[in-house]
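The values are calculated or read from the model by the stated rules, or taken from the named source; none is laboratory data. Source: prediction; values computed, not measured. Every residue, glycine among them, receives a Cβ derived from its backbone with ideal geometry; neighbour counts consider all protein chains shown.
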Amino acid sequence: MLEQVLGWARDGGPIVWLLAVASVYSLALIIVKVIDLGGVLGGAAARSAALADWRGGKLAEAQAQVTEGRYPADRVLAHGMTALAARENAEVVERELERRGNEELERMRRWLRTLEVIAMVSPLLGLLGTVLGMIQSFQELELAGGSANAAVLAGGIWQALLTTAAGLIVAIPAAIAANLLSAKVDRAAHMIEDAVSALFAAEHARSG
């Protein structure tokens, strides 16, 4: 099987090798991002308990529940509680939490754009390889003149089509991973927004 794959890579030319590199790179990115985003949606119960304590005036207890949190929403919420407990201006705190939320979002989205580019470019590279291979096949057919046969032409065509298949093999996993991971990041962003909104609502209830 390995011999056959290497033969296909050799027949497909440099574009297949380029796609092979893109495949290894995208697989590494997928693994890294799956690990990186593994726990971004957790901690909801602890945050709810912290907000309930905040609403009840137990500021120290509320802060303790999220200060050591490892989730993005925990980190943003912890900073908001610290700032509000220090009686900083609510509008200033809100702007700072928005900035910190954007930082968390940017960190979670890191490398996802690269996966999207790989998913978009790989089929185009495959198509380019196929077109170049077809051009070469028809040039050989023209040079062969009357001695050309269908077997020679078919051999050139299937070799050219290898690059299209390789491009799709690279693009499909990258596209699926990019979409699933982006959806996870979007859910994490909503959790950050909900936590910040709930904090200000709890602060209003506590103060008023």
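Quick test for you: out of A189, A144, pick the one residue that is surrounded by 13 or more Cβ atoms within 10 Å (Cβ to Cβ) and either under 30 Å from G80 (Cα atoms) or at pLDDT below 75 (or both). Full working, then the answer.
Details: A144 fails: surrounded by 13 or more Cβ atoms within 10 Å (Cβ to Cβ).
When all the criteria are applied, what remains is A189.
Would you confirm, using the coordinates I've provided, whether D11 is at pLDDT below 90, out of contact with any Pro (no Cβ under 9 Å at 6 or more places or on another chain), in a helix (DSSP H, G or I) and charged (D, E, K, R)?
Answer is yes for this residue.
Return the residues of segment 25-37 that are part of a helix (DSSP H, G or I) and over 12 Å from I169 (Cβ atoms); say none if nothing qualifies.
Y25, A28, L29, I30, I31, V32, K33, V34, I35, D36
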